[in-house]
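**Q** The structure's right below; bear with me while I get my questions together.
Please treat every number below as a calculation from the coordinates, not as lab data. Bear in mind that the values here come from a model prediction, so they are computed numbers and not experimental data. Cβ: placed from backbone, ideal geometry, glycine included. Neighbour counts: every protein chain shown.
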Amino acid sequence: MPTLLQAATSQVGRKILTGLTGVFLVLFIIFHLGGNLAIFGEPDAMNRYSMILHDFGPLLWVARIGLLAVFLIHAWIGISIWLKKRKARPENYAVYSSKGGPSKQSLSSRTMAFTGIVLLIFVIFHINTFALGDMETVLIDGRETHDVKALVIDTFSNSAFYAFGYAFTMLLLGAHLGHGVWSAFISLGMSGKKSSAIMYTVGTVIAIVLAVGFLFIPLYIYFGGGCEAALIQCT
Amino acid sequence: MSTMTINLKIWRQKNTEAKGEFQVYKLNDVNEHMSFLEMLDVLNENLIKEGKDPVEFDYDCREGICGSCNLVVNGRAHGPKRLTAVCQLHMRTYSDGDTIVIEPPRAAAFPVIKDLVVDRSAFDRIIEAGGYVSVKTGAAPEANLIPVQEEVANQAFDYATCIGCGACVAACPNSSASLFTASKLAHLNRLPQGKPEREKRTVAMVQQMEAEGFGDCSNYAECEAVCPVGISISSIAEMRKNYLKAIF
């Protein structure tokens, strides 16, 4: 029997790891969307949520490092699979097309590497803007905390580049998940000819709900929503 | 009975090392009732009469059961029809004046021997790695000695129908042999005779598949779409499940 490391780096092991890390990342972004939607809650809901997260202290750092590791493993395996394609087929077909039917070849599945790489770059910018960006402070329950909400509203209401850039990237996230969620089911060994159609539909629904949920907020703010509640002036 | 003119663009390659290229042929009086391979036979007769080298292509039974033929026709393994080996494809599928591009299955693990013929012995080595049951066979045992549930027997038979043609590899954007390997595993692993070696077999065949230079599976399911016997990618999910069980 292979060792755990050999198994994890084998062809099947890589796929299982991609599925596993993918499921983890989807659960994370569902959680993340929950935080984003706090912008529609009580005026201080979003900042309170941020304060609660920061109160976890060292545990938050454990979660952050864990999340980063999962993200990098997922990206690394995905990119390496994509790079191996050429090696496995040095001479490409002059003509190639899908046979349809049960095939899951689509714009979504054929662009996994592209959408994945864009999301990887996006995440770097995203962390730089919202986690490392300059923030004012506000008082909540008499304690000073970051005014995340003001930063979010300031960023999206003042820059078409940010608002539309974010919204567009979230469309790519939807495309990535369109194939990704279904693929994770198969990678984690969920078989069954009948359940396959259900799994694909579930994947598509998750992809659409998450993409729409995420892209709605920057566009909503850009077109003037949320300004009345903001501490800063919308332009 | 109507006849038609077909334009062919066929990959010609002298040997494994040689650089291949497309050559264009025009074939008149193609009968709509000809099979695709019979159409190629006619082309080759013409080429031989002209003193030219005929186009090499693989075939044996021409009944869709042996898995020898494996041409990529207009970018699709075994041509446009689902659940049909290219030997069972007929020219009535095409119209007068059509251009048909014929290529060999393209994969590093399937080196071209000549023209459209590729070396598929990588599949044999995957089978050698574990695609068998290690029991003393002796004389045929009494049929009902080992009871097998009907559902299990049916599923095993579905997976056993894999004819090893390699269309799955040909059509996979990553040139993965996962469907072939998984169908053999799904066939043997679920039967009482194959169960004792399930974990060892799964790991060994997966290792061999990778060693042969086949690509990674990305769950495109194109393999299932081109498979002439319709093997489901559920087998691939099952292979991963059994692999996990073997490791833990």
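**Q** Would you mind checking the tilt of helix B:150-160 against the longest principal axis of the Cα atoms of chain B, expressed as 0 to 90 degrees and rounded to 10?
**A** 40 degrees
**Q** Then there is this: So what J values fall out for the range B:183-199 if you push phi through Karplus, 6.51 cos²θ - 1.76 cosθ + 1.60 with θ = phi - 60°, rounded to Hz, Gly and Pro as x?
**A** Karplus-based 3J(HN,Hα) across the range B:183-199 equals 5, 5, 5, 5, 5, 7, 5, 8, 8, x, 5, x, 4, x, 9, 4, 5 Hz.
**Q** Against the longest alpha carbon principal axis of chain B, how many degrees, from 0 to 90 and to the nearest 10, is the axis of helix B:121-130 turned?
**A** Roughly 10 degrees, rounded to the nearest 10.
**Q** Another question about this same structure. Compare the peptides B:216-228, A:171-183 by average per-residue count of other Cβ atoms within 10 angstrom and give them in order, highest first.
**A** On the way: B:216-228: 26.9, A:171-183: 23.5.
Highest to lowest by the protection proxy: B:216-228, A:171-183.
**Q** Continuing with this model, one more query. Say we join alpha carbon atoms closer than 10 Å with springs in a Gaussian network model of chain B; which of B:ARG76, B:ARG120, B:ARG92 then has the biggest fluctuation?
**A** Between B:ARG76, B:ARG120, B:ARG92, it is B:ARG92 that shows the largest mean-square fluctuation.
**Q** Taking the inverse of the average 1/r across all pairs of different Cα atoms in the range B:121-247, what Kirkwood radius in Å do you get?
**A** Taking the inverse mean of 1/r over all distinct Cα pairs, the range B:121-247 comes out at 14.9 Å.
**Q** Shifting gears a bit: For A:THR111 and A:ILE30, what does the FRET efficiency come to when R0 = 25 Å and r is the distance between their Cβ atoms, rounded to the nearest 0.05? It would help to have the intermediate numbers written out before the result.
**A** Values: r = 23 Å, r/R0 = 0.90.
So, using R0 = 25 Å, E works out to roughly 0.65.
**Q** Let me ask you something else. Looking at B:GLY75, B:VAL206, B:PRO192, which one has the Cα that reaches farthest to the positive end of the dipole of the protein assembly as shown (charges on Cβ: Lys, Arg +1; Asp, Glu -1)?
**A** B:PRO192
**Q** Can you tell me the order of B:51-64, A:212-225 when each peptide is scored by its average per-residue count of other Cβ atoms within 10 angstrom, highest first?
**A** Per-residue Cβ counts within 10 Å, averaged per peptide and sorted highest first, yield A:212-225, B:51-64.
**Q** I'd like the mean, over residues of B:165-172, of how many other protein chain beta carbons sit within 10 Å of each residue's own Cβ. Walk me through the numbers before you get to the answer.
**A** Details: counts 0, 0, 1, 0, 2, 2, 7, 4.
Neighbouring Cβ atoms belonging to other protein chains average 2 per residue here.
**Q** Related question: Mean Kyte-Doolittle hydropathy of 0.5 or higher plus an axial Cα length of 18 Å or more: which whole DSSP H helices in chain A meet both? Walk me through the numbers on the way to the answer.
**A** On the way: long enough: A:11-37 (39 Å, 1.31); A:58-88 (45 Å, 1.09); A:112-130 (26 Å, 2.13); A:160-187 (39 Å, 1.15); A:193-222 (45 Å, 1.55).
Counting only whole DSSP H runs, the qualifying helices are A:11-37, A:58-88, A:112-130, A:160-187, A:193-222.
**Q** In percent, what relative contact order does the range A:86-235 have, based on Cα pairs under 8 Å that are 6 or more apart in sequence?
**A** It comes to 28 percent, rounded to a whole number.
**Q** Something else about it: Could you give the length gained on full extension between A:PHE223 and A:LEU5, defined as 0.36 nm per residue of separation minus the Cα-Cα distance, in nm?
**A** Separation in residues times 0.36 nm, less the Cα-Cα distance, equals 73.4 nm.
**Q** In addition: Once both axes come from the Cα atoms, what is the angle between helix B:234-247 and the longest principal axis of chain B, in degrees from 0 to 90, rounded to 10?
**A** The answer is roughly 40 degrees.
**Q** Separate question: Percent relative contact order of the range B:121-247, based on C-alpha pairs within less than 8 angstrom and at least six residues apart?
**A** 34 percent
**Q** What's the magnitude of the charge dipole for the range B:1-135 around its Cα centre, counting Lys and Arg as +1 and Asp and Glu as -1 at the beta-carbon? Answer in Debye, nearest 20.
**A** With only Lys, Arg, Asp and Glu charged at Cβ, the dipole is about 380 debye.
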